[in-house]
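The values are calculated or read from the model by the stated rules, or taken from the named source; none is laboratory data. Because the structure is predicted, anything quoted here is derived from the model rather than measured. Here the Cβ is made from the backbone with ideal geometry for all residues, glycine too, and neighbour counts use every protein chain on show. Ligands, DNA and RNA are excluded from the accessible area calculation, which covers all protein heavy atoms including side chains. Shrake-Rupley method; radii C 1.70, N 1.55, O 1.52, S 1.80 Å.
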Amino acid sequence: MAGTAAPPETLDRRTIRADGRTSVRREGFAPSVESLLSSGRVTEALRVSDLECAADPGNTGILLKRASVLNAMLRQVDAAAVLDDALDRDPANLGLRISRARLAGALGDWQTGEAHCQANLDLSPSHPATLLARLETASAVNLSGPQWKTLAEETRARLETGLESGTGRPEEYRLALGDLAFQERDYDGALDWWRSAGLEDETSNRRSVQIAQCHLFLIDDTSARKCIGAVLEAAPDSVPALQLLAELELSLGNWAKSLEIRSRLLTLGGLHRVSVGVRLAQDHLLRDEQDRAERLLERCAELAVERPEISYARLLMRQQRAAEAWEYAGRWEDWMDQSPMVAQLFEDLEAVFGGRRGRGGSPCGLPAAREEEQAGPPKTADEVRVLFEELEPRASDALGIRQNLRIAWTVREPDGTPYREWLEAVFRSTASNCLFVPKPLVSAQEVAQLTVASDFDVLRPFSDGGHPVLLACSHQGLFTQHLMSLYFPKLRFVTVSNTLDGAGDPDRRNLSLGGDRIGAAARLVQALRQGETIILPLDNSSLSMMSSMPVSAATGRLFGVPTRIPDTIPRLAREFKRPSFWVFSYWQDRHIRYDIQRMPDFEEGEEKTAWHNRWAAAYLARLEAAMKGRAQSINCAAPLWRHLMVNGDKATD
């Protein structure tokens, strides 16, 4: 009708239901909380949620939606408070308790999460969603391997009991058993359980994304494409399906197709856009496409306004733009105590700028940490072995390295190991570095019990004589840099971020390059002049002392792919006349062995660039041999795997 005003975006129509509760009916065309959240407009979603809560303050469904919005904004402590309020109103609501348990896991609060799960299990001992949430919470708080395994076995027993009892819906138990197998990295078992529940690759269903992930883990491209295609046929703009398709194309070396899909993802609404843009910018940097990376970063800056985007801030830090990262993070300073991820970001930024502005107490509103426990007796060699062997990689850790598995499997030196066995060994080897970073859970003395003393003979003329050296390591093998402190008391190890000592304090031996590279370079030179030994992993361009500019890099080839590494060690070896060594640790017969080799020395009159590249060629040859080695010593989270995948189209035989 002409002249009629547009309907207001208000929520003022309420009806009284038969149970006495108020029901809200949306007026006009105001978007729902769900649609706003799915499109990434979390600030507007929170505003609409405020209106809904004001109209119907006792509606637990509305409170649950509000908690979802706050969680998406990384205001997790506030989200927990909303869920606690909802549970006060409806203490028997199993779904609310599951959401609260998962949130407790995100906040690192195992006791609260376990209490909520147990309350549900007291009402329904085999409740599938609660059992899985309990296990997810245990993974989120890094429950020890043996404890997690015990909990997984109990979960399986309860689910199988529920399935055999005939109560409830059998397919829900089968789906849950498939989810459990997925968390345990048994991808064949997960597929079998989901198929027994009637789910197939050819049809879009509620487990399609996980089914496709299983096929990607198993390097079954045909089945993965079939599953992804079924989802995209039903929902052409499905973000999870498009992300998996981009991953598949990239792992196959189809850079152009992956770029096309990810560019499309950036046009779709949702909170995924910043993380997709950041990853794509990183890939352009790996391909030396600086201009494209910069344009993407500008686009990410425009998008990163709805919530603190941790990946965006950290990319700025890695690009030596810590001041920009600080300015960006400063918008969210009031949220520092809301999320562990936000708290950690501020802690790392404060360390870069030489001071901490901590507010006291523990982050995220959690109870203060207990007093440091008295150190027990030193672990025996067998106890240290068990610590490694009982590691339980988390499902999230496995997802984090999935893209690198194909290339690692392809370049390996075949030794007859079946793929499934190789895969599990790689998961455990990659996860083992959590025992050393950021806080060592075993001391250098304890680790030394598993080493072979003769492996270090090549270093003894220098260590016994008090002569400092330069040690070049990598992210392959075990992260055992601190072990060298037994041989060189004056030792500094260089990393991108800060590491902790055994007491949880900043490790004085760590030279962090997280922000001010020029200052870090000056500190490194000072350490060398004071006679300190330096150990540095060179398979990460972020560890260049001078910047990521080509002039600070040495070049060579890794598996035929043009590769640049920081020229830090050959530069310092020449200027300070120090010998340099390759250091690589690996497992052999339940011992940690060390491959330590003397690297080339500078020859008088040699042109600087030629020297840097000759040294780099020797380093990359040793690194390539390590990356082709046995699965027990492979770290699939190491940065150069992605470099190889992104630049695969540039490889030469």
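What helices (runs of 4 or more DSSP H) lie completely within region 96-166 and have 3 or more residues being within 24 Å of the chain's Cα centre (by Cα) and farther than 22 Å from Arg185 by Cα? Let's see the steps before the verdict.
Numbers: elements: 110-123, 128-140, 145-165.
Qualifying helices (runs of 4 or more DSSP H): 110-123.
Considering region 182-279, the qualifying helices (runs of 4 or more DSSP H), each wholly inside and each with 1 or more residues that are closer than 30 Å to Ala152 by Cα and open to solvent by 30 Å² or more (accessible area, probe 1.4 Å), run over 187-196, 208-217, 221-234, 239-251. Kindly indicate whether Ser139 is surrounded by fewer than 18 Cβ atoms within 10 Å (Cβ to Cβ) and either in contact (Cβ under 8 Å) with a residue 60 or more places away in the chain or under 28 Å from Cys53 (Cα atoms) (or both). Judged against the criteria, Ser139 is not a match. Within region 448-463, residues that are within 15 Å of Val583 (Cβ to Cβ) sit with their Cβ atoms under 7 Å from residues that are in a helix (DSSP H, G or I), at 6+ positions apart or across chains, in these pairs: Ala448/Leu483; Ala448/Leu486. Taken together, Pro414, Pro461, Pro468 contain a single residue that is farther than 20 Å from Ser585 by Cβ and crowded, with 16+ Cβ neighbours inside 10 Å, which is Pro468. Quick check on Glu171: is it charged (D, E, K, R) and in contact with a Gly (Cβ under 7 Å, 6 or more places away or on another chain)? It is true that Glu171 is charged (D, E, K, R) and in contact with a Gly (Cβ under 7 Å, 6 or more places away or on another chain). Among the conditions (1) surrounded by fewer than 11 Cβ atoms within 10 Å (Cβ to Cβ); (2) at pLDDT below 85, Cys364 misses just one, which is (1).
Taken over region 54-95, residues that are outside any helix (DSSP H, G or I) and over 24 Å from Leu123 (Cβ atoms) amount to 5. Looking across region 215-238, just one residue is touching a His at 6+ places or on another chain (Cβ under 6 Å) and polar (S, T, N, Q), and that is Ser223.
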